[in-house]
Amino acid sequence: MKQLFISDLHLKDLNAPITQTFFAFLDQKAAMADELYILGDFFEYWIGDDAISELSDKIAARLKDLKENHKTDLYFMVGNRDFLVGKNYCERAGMQLIEEPYKLPGTNILLCHGDAECTTDTEYQKVRQVLRNPQWQQDFLNKTLEERMIFAEQARAQSKEHQAGYELTDLNDDAINALLEANQTDILIHGHTHKPGIQAVAEQGHKRVTLSDWDHEIWYAEIKDSGPPKLCQFTHIA
Ligand SMILES: [Mn+2]
């Protein structure tokens with residue numbers, strides 16, 4: 001049994017090298033795994049499942065092929081950028097949409113994207129509350145594609161992740177400990193901060209496994225036969 005975990009690809013262009021690297025990862029790693037978990041910010045932005053693009057179509061086709069022809073089960077969790085990915089798109093891609101936090105069945109491991117635990121960034125948490133409100137989301141999805149696109153462009157331009165030299169707020173230790181405890185788990189696998197590593201979380205015997213983004217060195221997590229999660233590097237040799 002092999003389970004793989006990735007996040008923060010920020011895919012936005014079908015012809016970008018990073019998208020080709022992802023396809024190589026599917027062929028070289030995910031095809032040999034039993035389960036692939038995508039933990040958010042897979043797409044750079046997402047304005048609704050009805051906004052069909054060449055990129056989203058190709059990705060869905062590749063994922064569906066993986067599921068059908070290689071029997072890899074696919075699980076998708078949204079991040080702070082692609083939080084509007086819904087059941088329709090997941091179905092097209094052969095993926096199961098999972099809610100965060102998600103307890104990996106039969107383990108002491110919890111999965112989340114990570115932005116909700118960045119509790120010291122109170123300004124961001126206020127914005128997040130608005131964007132994750134079901135009524136706000138429904139109103140947004142009722143707008144035209146053009147209106148939604150303008151909003152997405154503005155949000156991206158304002159995003160702190162895009163400001164040069166900005167250090168993204170890290171997850172808060174107390175928030176991680178509370179989350180792990182509430183879910184009776186000891187290990188958190190997450191993305192969002194783009195700072196790969198395995199670290200102890202203060203005083204509780206808890207651990208966090210942080211995945212990387214895909215712009216620099218690519219680190220994914222792997223669990224073999226219920227062993228401890230390991231970080232592995234993926235190098236794309238074309
Ligand atoms: Mn993120």
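The values are calculated or read from the model by the stated rules, or taken from the named source; none is laboratory data. Model, not experiment: these values are computed from the prediction. Note that we place each Cβ from the backbone using ideal geometry, even for glycine, and neighbour counts take in every protein chain shown. Note: accessible area is taken over every heavy atom of the protein model, side chains too, but ligands, DNA and RNA are not part of it. Shrake-Rupley method; radii C 1.70, N 1.55, O 1.52, S 1.80 Å.
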Which of the following residues is in contact with a Lys or Arg (Cβ under 9 Å, 6 or more places away or on another chain), at pLDDT 95 or above and within 21 Å of E100 (Cβ to Cβ): D57, D49? D49
Helices (runs of 4 or more DSSP H) within the stretch 54-152 that include 2 or more residues open to solvent by 30 Å² or more (accessible area, probe 1.4 Å), touching a Pro at 6+ places or on another chain (Cβ under 9 Å) and of a type in the set (D, E, K, R): none
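Please find, among L97, L104, the residue that is closer than 14 Å to I187 by Cα and either within 16 Å of the ligand (Cβ to nearest atom) or within 18 Å of the chain's Cα centre (by Cα) (or both).
Of the residues listed, the single one that is closer than 14 Å to I187 by Cα and either within 16 Å of the ligand (Cβ to nearest atom) or within 18 Å of the chain's Cα centre (by Cα) (or both) is L104.
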Would you mind finding the one in I38, I18 that is within 16 Å of the ligand (Cβ to nearest atom) and over 30 Å from D139 (Cα atoms)? I18
Where the second residue is outside any helix (DSSP H, G or I) and open to solvent by 20 Å² or more (accessible area, probe 1.4 Å) and the first is under 18 Å from R148 (Cβ atoms) and small (G, A, S) and lies in the stretch 74-99, which pairs have Cβ atoms under 7 Å and are six or more apart or on separate chains? G86/D49
Members of the stretch 196-218 that are open to solvent by 80 Å² or more (accessible area, probe 1.4 Å), away from the ligand (no atom under 16 Å from the Cβ) and in a loop (DSSP other than H, G, I, E, B): E203, Q204, E217
Count of the stretch 17-53 residues which are open to solvent by 20 Å² or more (accessible area, probe 1.4 Å) and part of a loop (DSSP other than H, G, I, E, B): 9
Name the one entry in T169, T193 that is within 15 Å of the ligand (Cβ to nearest atom), among the β-branched types (V, I, T) and touching a Gly at 6+ places or on another chain (Cβ under 9 Å). T193
Give the number of residues within the stretch 222-232 that are out of contact with any Ser or Thr (no Cβ under 9 Å at 6 or more places or on another chain) and assigned to a strand (DSSP E or B). 4
Just give me the residues in the stretch 171-195 being surrounded by fewer than 16 Cβ atoms within 10 Å (Cβ to Cβ), outside any loop (DSSP other than H, G, I, E, B) and in contact (Cβ under 8 Å) with a residue 60 or more places away in the chain, in sequence order. none
Does Y89 count as in contact with a Phe, Trp or Tyr (Cβ under 9 Å, 6 or more places away or on another chain), modelled with pLDDT of 95 or more and over 26 Å from T21 (Cα atoms)? no
The condition from (1) within 28 Å of T210 (Cα to Cα); (2) away from the ligand (no atom under 15 Å from the Cβ); (3) of a type in the set (D, E, K, R); (4) at pLDDT 95 or above that D115 misses is numbered (2)
Within the stretch 67-80, of all residues that are closer than 21 Å to L14 by Cβ and in contact with a strand residue (DSSP E or B) (Cβ under 7 Å, 6 or more places away or on another chain), the one farthest from the ligand (Cβ to nearest atom) is K67
